[in-house]
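Report on the following structure.
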Amino acid sequence: MTELYTYAVSRIHAIESDLLSINDIEQLISCPNFASAIKYLTEHGYGYDRVYSDFESLREDETEKMWSLINELVSDKEVFETIFRPIDFHNLKAAIKMVFTSESSSDYFLKGGTINPNIIYEAVKHKSYGDLPEFMQETAKNAMSKFAKTSDGQECDIYVDKVCLETMLADGINSKVPIIRDYTELYAALSNIKIAVRGAKMLKPKQFFEDALVDKCQSINADTLASSAAKGIDELYNYLEHTDYRDAVDKIKTSMSEFERWTDNLIMRLIKNQKSNPFTIQPVFAYILAKQNEFKAVQIVLAAKKNELDNEFVRERICDLYV
C-alpha cells in the first residue's frame, strides 16, 4: 500500500506544476475581457482542445481530467467524499425547494458532488429516501417535513447546513487520514465563525445560533460562540480574541471579503503542509482541495471580467494558491 501511495504522490507532484500560480492569476486578471481570459486558460492546459464560451463547461472538463487522473492513481475514492459534502447537501436543499415550488430547472444544482442531483430530486419528490446514501436519508426526510410544516426555506437551509457540517466532522473523526481530520475540524470551525459573524451583524437571537452552529468542534466552543454572537458583534470579537482564531477579528473589521479570504488562506496553509508527505494519500487529498481552490479563484476573475469590475476589486478577493 505504501508503494501505491508513493507512486500516486509522485505522479501528483509531477503535475502540481500545472496548477495555476499567483502569477498566472495575475496574468488572467490582466486579460482585457472574458473571451481573452478563457483563451489564456485553454492555452495553459485547461479543458480539452475545443472552444469554450463559458467557464462552467471549461471547469466541468477540467474536473473530468482531474478525476480521470485520480481514478488511475487511487482505487478507493471514498476517502475524498468529505470534500464534496457541501455540494451534495446544497443539491438536497435545491431539490426540496424545487419539489415544493414545482420548479424543474437543473440550474439550481451544483455539479461535482458524489450523488447525481437527479437522484436526490426524484428521492425527495417521491419520498423514496432509501434511494439516497445512508448519510443523507434521515436529513432529507426531516428537511422535507420541516418545509412542509413551515414553508420556511431559511429554517430548512439552517437545518441541512448544520447536518452537513456534522457529517463532515463525523467523516473526520472516523477517518484514519490525519489531513481529513484536520480539514473537517478547520472547515467546521470556520463555518461556525462565519455563521456567528453574519448572525451577530443581523442581530439574530440566541436561538438562531443554537439552531445553526455545530457543537462538535474541538477548536471552538459552540455554546460560548452562540452566547457571544447573540449579544452583538463586539461580544463576539471579545470571545474570538481568546481563541485560536483571534486573527479573524481584524479581518472582519476590515471587510467581509478580507475575512473570507483569510478563511480560505487558513485552509490553504493546512494543505500545503502535505507536499512533503510522500507515503500516504494525504498529498492527493490536498491536490483535490488545491484544484477546488484554483477553480474558485478563476471563477472570481472571470465573473469580474463578465461584469467589467475593477481589477483591484478582484485582487482583494483572491486567496493564496497551492503553488
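What follows is calculated from the coordinates using simple rules that are stated; it is not laboratory data. Remember, predicted model here, so these are calculated numbers, not experimental data. Here the Cβ is made from the backbone with ideal geometry for all residues, glycine too, and neighbour counts use every protein chain on show.
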Worksheet, complete the sentence: Rounded to whole angstrom, the alpha-carbon centroid of the range 1-67 lies from that of the range 173-191 at a distance of 26 Å
Fill in: Likely footprinting exposure, ARG85, ARG198, ARG50, fewest C-beta neighbours within 10 Å first
ARG50, ARG198, ARG85
Worksheet item: From the Cα gyration tensor of the range 1-130, with a ≥ b ≥ c the square roots of its eigenvalues, which class applies: rounded if a/c is under 1.5, or else prolate if a/b is larger than b/c, or else oblate?
Response: oblate
Discussion item. List the aspartates and glutamates whose Cα sits under 15 Å from the Cα of LYS146, skipping any in the same chain fewer than 8 residues away.
Written reply: GLU138, GLU155, ASP157, ASP161, ASP211
Worksheet entry | Candidate lysines - alpha carbon under 30 Å from LYS65, same-chain residues fewer than 8 apart omitted | LYS39, LYS77, LYS93, LYS111, LYS176, LYS272, LYS275, LYS291, LYS296, LYS305, LYS306
Fill in: Evaluated over the chain, the Cα radius of gyration and Dmax, each in Å
20.5, 56
Discussion item. Looking at the chain as a GNM with Cα springs under 10 Å, which of GLU134, GLU258, GLU166 has the largest mean-square fluctuation?
Written reply: GLU134
Worksheet, complete the sentence: Helix-only [θ] at 222 nm, the chain, -39500 (n - 2.57) per DSSP H run of 4+, per residue, nearest 500, equals -22000 deg cm²/dmol
Practice prompt. Round to the nearest 0.05 the FRET efficiency obtained for LYS176 and ASP223 when R0 = 25 Å and r is the Cβ-Cβ distance.
Written response: 0.25
Worksheet item: Once the Cβ-Cβ distance between PHE84 and GLN154 is put in as r, and R0 is 25 Å, what FRET efficiency do you end up with, to the nearest 0.05?
Response: 0.55
Worksheet, complete the sentence: Contact order relative to length for the range 81-171, counting C-alpha pairs under 8 Å separated by 6 or more residues, stands in percent at 32 percent
Discussion item. At a threshold of 8 angstrom on Cα-Cα distance, excluding pairs fewer than six apart, so keeping six or more, what relative contact order does the chain reach in percent?
Written reply: 22 percent
Worksheet item: Rg (Å, one decimal) plus Dmax (Å, integer) for the alpha carbons of the range 81-171?
Response: 11.8, 34
Practice prompt. Mind giving me the nanometre distance, one decimal, between the label points for ILE22 and SER104, set 7 Å out from Cα along Cα→Cβ?
Written response: 5.0 nm
Worksheet entry | Net charge, TYR48 excluded, C-beta distance under 11 Å - Lys, Arg +1, Asp, Glu -1 | -3
